[in-house]
Amino acid sequence: MLTLLVLISGSGSNLRALLEASDGPECPFRIIAVGADNNATGLEHAHEFEVPTFVVEPQKFASREEWGKGLLSLVREWKPDLVVSAGFMRIIPAGVVTELTPNLINTHPALLPLYPGAHAVRDALAAGATETGATVHIIDEGVDTGPVIRQCVVAVEPGDTEFILHERIKVAERGMLIDVVHDIATKKIVLEEFVY
Ligand code: GAR
């Protein structure tokens, strides 16, 4: 059984999809804790599924590095096999990445290396892209630069707003994230093989 700790910042629809997928007896992964950098609305999903949560707010620490140490110590309390950043809108400090890699993955709403950062969907629209998508990747010290595990393509439709396009991406993204975590749990994906 692969144990997961999921990090979120917002509505947590990816978290919810993972919680629902992990609910059946056949599922090879289980979410043991959820962390957030603020009192995110998505924490409600964890409460509903009776999964423990924690909040680690950067404002309560003297520096980013200190916040990273706080985050790492909370993560370590749970000893998860895999940490999943699913809409966690913070750059994880290098010291934390070094400790957790390669068992630290992120989902991003674009076909990386295109449109990294916090406004990927807006940036794809502004660039006039006709297709975009989502990427699950291993987190490294850069911003959305780590080794790509899987991607899915989503068409940009005429009249798309940032919200509409992001919602369409998230439908594909959630399915892909569940599949990737499932494949890690069943060892079809071996994360060490992506890091060189
Ligand atoms: C997801 O699309 C995720 O890829 C994105 O935030 C959304 C969270 O949705 N993350 C980033 O943009 C990180 N750069 P959710 O809260 O409904 O799961």
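The values are calculated or read from the model by the stated rules, or taken from the named source; none is laboratory data. Small disclaimer: the values here were computed from a predicted structure and weren't measured. Using ideal geometry, Cβ is built from the backbone for each residue, glycine included, and neighbour counts are taken over all protein chains shown. With ligands, DNA and RNA removed, areas are computed over all heavy atoms of the protein, side chains included. Shrake-Rupley method; radii C 1.70, N 1.55, O 1.52, S 1.80 Å.
Observations, loosely collected:
- Scanning the stretch 116-142 for residues that are of a type in the set (D, E, K, R) and either near the ligand (Cβ under 8 Å from one of its atoms) or touching a residue at least 40 places away in the same chain (Cβ under 8 Å) (or both) gives R122, D140, E141.
- Scanning the stretch 21-46 for residues that are assigned to a loop (DSSP other than H, G, I, E, B), buried (at least 16 other Cβ atoms within 10 Å of the Cβ) and more than 15 Å from the chain's Cα centre (by Cα) yields a count of 3.
- Tallying residues that are surrounded by fewer than 13 Cβ atoms within 10 Å (Cβ to Cβ) and outside any helix (DSSP H, G or I) within the stretch 58-96 yields 3.
- Residue within the stretch 13-20 that is small (G, A, S), open to solvent by 10 Å² or more (accessible area, probe 1.4 Å), outside any strand (DSSP E or B) and touching a helix residue (DSSP H, G or I) at 6+ places or on another chain (Cβ under 7 Å) present: yes
- So V6, is it out of contact with any Ser or Thr (no Cβ under 6 Å at 6 or more places or on another chain) and surrounded by 21 or more Cβ atoms within 10 Å (Cβ to Cβ): yes
- Restricting the first member to the stretch 6-20 and to residues that are in contact (Cβ under 8 Å) with a residue 60 or more places away in the chain, and the second to residues that are of a type in the set (D, E, K, R) and near the ligand (Cβ under 6 Å from one of its atoms), the beta-carbon pairs closer than 7 Å and six or more apart or on different chains are S13/K170; N14/E173.
- For the stretch 114-149, the tally of residues that are open to solvent by 20 Å² or more (accessible area, probe 1.4 Å) and assigned to a strand (DSSP E or B) stands at 3.
- Just one residue in the set V156, V83 is over 29 Å from S63 (Cβ atoms) and of a type in the set (V, I, T); that residue is V156.
- Residue list for the stretch 97-113, restricted to those being away from the ligand (no atom under 14 Å from the Cβ) and open to solvent by 50 Å² or more (accessible area, probe 1.4 Å): T98, E99, T101, N103
- Residue in the stretch 152-185 that is farthest from E99 (Cα to Cα), counting only those that are within 12 Å of the ligand (Cβ to nearest atom) and not in a helix (DSSP H, G or I): V154
- Single match in K79, K69 (criterion: more than 11 Å from the ligand (Cβ to nearest atom) and at positive phi): K79
- Of all residues in the stretch 143-156, none that is at pLDDT below 95 has its Cβ atom under 8 Å from the Cβ atom of a residue that is open to solvent by 50 Å² or more (accessible area, probe 1.4 Å), 6 or more apart or on another chain.
- Looking across the stretch 47-56, the residues that are touching a strand residue (DSSP E or B) at 6+ places or on another chain (Cβ under 9 Å) and loosely packed, with under 15 Cβ neighbours inside 10 Å come down to H47, P52, V55.
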